[in-house]
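Colleague: The structure is given below, and queries will be raised subsequently.
The values are calculated or read from the model by the stated rules, or taken from the named source; none is laboratory data. Please read these numbers as outputs of a predicted model, since none were measured by experiment. Glycine also receives a Cβ, built like all others from the backbone with ideal geometry; neighbour counts cover every protein chain displayed.
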């Protein structure tokens with residue numbers, strides 16, 4: 001997926017959730033985020049909701065695109 005698309009997805013999702021949800025949780029990890037329950041209770045981050053868990057290719061792509069934790 002193109003970097004610009006990944007960035008735009010996160011920006012749209014952050015806007016829709018009052019900046020509470022993104023690719024990472026508050027601690028900078030891709031795992032669950034207790035503050036973000038918009039998608040589901042067990043998959044708090046945008047990353048976990050789209051890709052599931054332990055998807056190294058997706059994690060690496062997000063990192064390659066330079067999308068930092070917020």
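Colleague: For the condition loosely packed, with under 11 Cβ neighbours inside 10 Å and either at pLDDT 80 or above or not in a loop (DSSP other than H, G, I, E, B) (or both), what is the one hit in 15, 7? Please lay out each step first, then the result.
Modeller: Working: 7 fails: loosely packed, with under 11 Cβ neighbours inside 10 Å.
So the residue among 15, 7 that is loosely packed, with under 11 Cβ neighbours inside 10 Å and either at pLDDT 80 or above or not in a loop (DSSP other than H, G, I, E, B) (or both) is 15.
Colleague: Counting just the residues of the stretch 18-33 that are closer than 19 Å to residue 65 by Cα and crowded, with 20+ Cβ neighbours inside 10 Å, which one comes out modelled with the lowest pLDDT?
Modeller: Per the criteria, the residue is 30.
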